[in-house]
Every structure is written in C-alpha cells, then in structure tokens.
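Colleague: My structure is below; once you've seen it, I'll send some questions.
The values are calculated or read from the model by the stated rules, or taken from the named source; none is laboratory data. Treat the numbers as computed from the prediction; the structure is a model and nothing was measured. Positions of Cβ are backbone-derived with ideal geometry, glycine not excepted, and every protein chain shown enters the neighbour counts. All accessible areas refer to the heavy atoms of the entire protein, side chains included, with ligands and DNA or RNA removed. Shrake-Rupley method; radii C 1.70, N 1.55, O 1.52, S 1.80 Å.
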Amino acid sequence: MPRTGIYPGTFDPITVGHMDIIKRALKVVDKLIIGVALDSGKAPVFDLKTRGKLVREDIKQLGTAASRIEVRTFSGLLVKFAEENGARLIIRGLRAVSDFEYEFQMACMNDRLNPGIETVFLTASEDTHFISSRFVKQIARLDGDISSFVSPNVAKHLKAHFRKKS
Ligand code: COA
C-alpha cells in the first residue's frame with residue numbers, strides 16, 4: 001500500500017523553507033498531500049485559493065517528483081482532512097527549539113483526536129531554518145529583498161500585493 005503523508009500549513013506564502021521540507025518528505029512517503037489550511041488561527045495576507053495556487057506553481061520546480069504531490073485546500077480539523085485522504089502521517093518541519101513547544105502540543109492534541117495518525121517531524125536544513133513567512137511578508141512590505149526566501153513567482157505576488165496596499 002502506498003504510504004500517504006499530509007504536510008499541512010498556512011503557506012502564507014510558501015517559502016524555500018517549506019520547499020525544503022517538501023523535498024525531504026518525498027523521501028519518506030510515496031504520496032504527499034500538501035494541505036493548505038483555512039483555519040490556522042492566523043490572518044493571512046493571501047486568500048486560500050491564492051495560497052494554494054502559489055504552492056502548486058512552486059512545486060513545479062521539483063520536476064517529475066511533483067507527480068507524487070497533490071495540493072489541496074481544506075477547512076476544519078486537520079485530522080479529519082487526513083482521514084478523508086487516507087493519510088496516516090502528518091508531516092511538520094521543525095526549525096528551532098522555539099517551534100518545539102507549539103509543535104509538541106499540536107501533535108499531542110491531534111493524537112488525542114485520532115490516535116491512528118502519527119505526526120512526523122523533519123528537521124529544517126541549516127540554510128533555511130531561520131525563514132518565517134511572517135518576516136518575509138514584513139520585509140516585502142518594507143520593500144526589502146526577499147529573493148533568497150521565496151521563489152521569483154511568490155516574490156512577484158508579494159510585491160504586487162504590497163504595492164496595491166500602499
Ligand atoms: N523552514 C523555514 N520556515 C518554516 C519551515 C521550514 N522548514 N516550516 C515552517 N516554516 C515557517 C512558516 O513560514 C511559518 O512562519 P510564520 O509563523 O511566520 O507564518 C511557520 O513556520 C509555520 O507555518 P506553517 O508551516 O505554514 O504552519 P502553521 O503553523 O501556520 O499551520 C496548521 C498550522 C494549519 C497545521 C494548524 O493550524 C491546523 O492544523 N489547522 C487546522 C485546524 C485544526 O485541526 N486545529 C487543531 C490543531 S491541534
């Protein structure tokens with residue numbers, strides 16, 4: 001049976017840090033579903049449809065490996081989304097000690113909601129572990145250079161977004 005994993009997130013927007021985890025995840029699962037979440041407790045800059053579109057466009061960089069990935073948007077509980085998609089693995093990237101508490105809590109809550117689904121943590125690579133979507137957006141808003149944090153396509157969308165706002 002193919003091993004299906006879900007990599008969930010807000011992806012507002014997708015960064016090279018997310019891409020690094022996606023590449024690593026493909027080494028441990030046969031099929032990867034990237035779940036772009038509506039309900040993440042954040043107030044995203046991009047709407048759900050745009051966030052999904054940007055992820056779809058970025059994964060094209062992966063060439064043939066992209067055929068093992070599906071990008072889906074979802075609302076409601078992550079464990080429900082995983083169940084509906086026949087996934088028993090939730091993949092999350094761990095960057096620093098500061099991520100640990102939040103990730104640990106989320107993994108335990110999800111485990112209580114559905115003990116049949118395991119959360120697997122993949123360590124972020126040392127050249128991307130400091131990246132955060134929040135800072136990328138702040139730098140873009142202040143007209144800084146975000147080219148080493150996101151793809152040219154995402155950079156273009158962020159710039160257009162903040163140009164419209166100013
Ligand atoms: N390298 C660099 N940066 C990374 C990274 C990596 N490998 N992985 C994540 N990040 C960054 C992101 O840029 C983002 O930065 P920000 O906090 O500045 O925005 C941050 O780490 C985390 O974002 P993301 O990976 O998109 O996840 P999230 O924490 O926003 O997602 C959900 C949370 C969607 C998984 C969670 O809210 C959820 O499951 N929602 C559904 C509802 C539900 O089931 N709730 C109950 C949960 S117990």
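Colleague: If you take the residues of segment 46-61 that are in contact with a helix residue (DSSP H, G or I) (Cβ under 6 Å, 6 or more places away or on another chain) and aliphatic (A, V, I, L, M), which of them is farthest from residue 22 (Cα to Cα)?
Modeller: 54
Colleague: Here are some residues: 19, 106. Which one is in contact with a helix residue (DSSP H, G or I) (Cβ under 9 Å, 6 or more places away or on another chain), open to solvent by 20 Å² or more (accessible area, probe 1.4 Å), modelled with pLDDT of 95 or more and among the hydrophobic types (A, V, I, L, M, F, W, C)?
Modeller: After applying the criteria, what remains is 106.
Colleague: Give me the residue from segment 114-142 that is within 12 Å of the ligand (Cβ to nearest atom) and over 18 Å from the mean Cα position of the chain (by Cα) and, out of that set, least open to solvent (accessible area, probe 1.4 Å).
Modeller: Filtering segment 114-142 for residues that are within 12 Å of the ligand (Cβ to nearest atom) and over 18 Å from the mean Cα position of the chain (by Cα), the one least open to solvent (accessible area, probe 1.4 Å) comes out as 117.
Colleague: Which one is farthest from the ligand (Cβ to nearest atom) among residues in segment 45-87 that are assigned to a loop (DSSP other than H, G, I, E, B) and touching a residue at least 12 places away in the same chain (Cβ under 8 Å)?
Modeller: 86
Colleague: Same structure, new question: List the residue pairs whose Cβ atoms are under 9 Å apart, where the first residue sits in segment 9-23 and is more than 19 Å from residue 40 (Cα to Cα) and outside any helix (DSSP H, G or I), the second is within 6 Å of the ligand (Cβ to nearest atom) and of a type outside the set (Val, Ile, Thr), and the two are 6 or more positions apart or on different chains.
Modeller: Hits for this filter: zero, empty list.
Colleague: So which of 111, 145 ends up being over 18 Å from the mean Cα position of the chain (by Cα), surrounded by 12 or more Cβ atoms within 10 Å (Cβ to Cβ), among the acidic types (Asp, Glu) and more than 8 Å from the ligand (Cβ to nearest atom)?
Modeller: The unique qualifying residue is 111.
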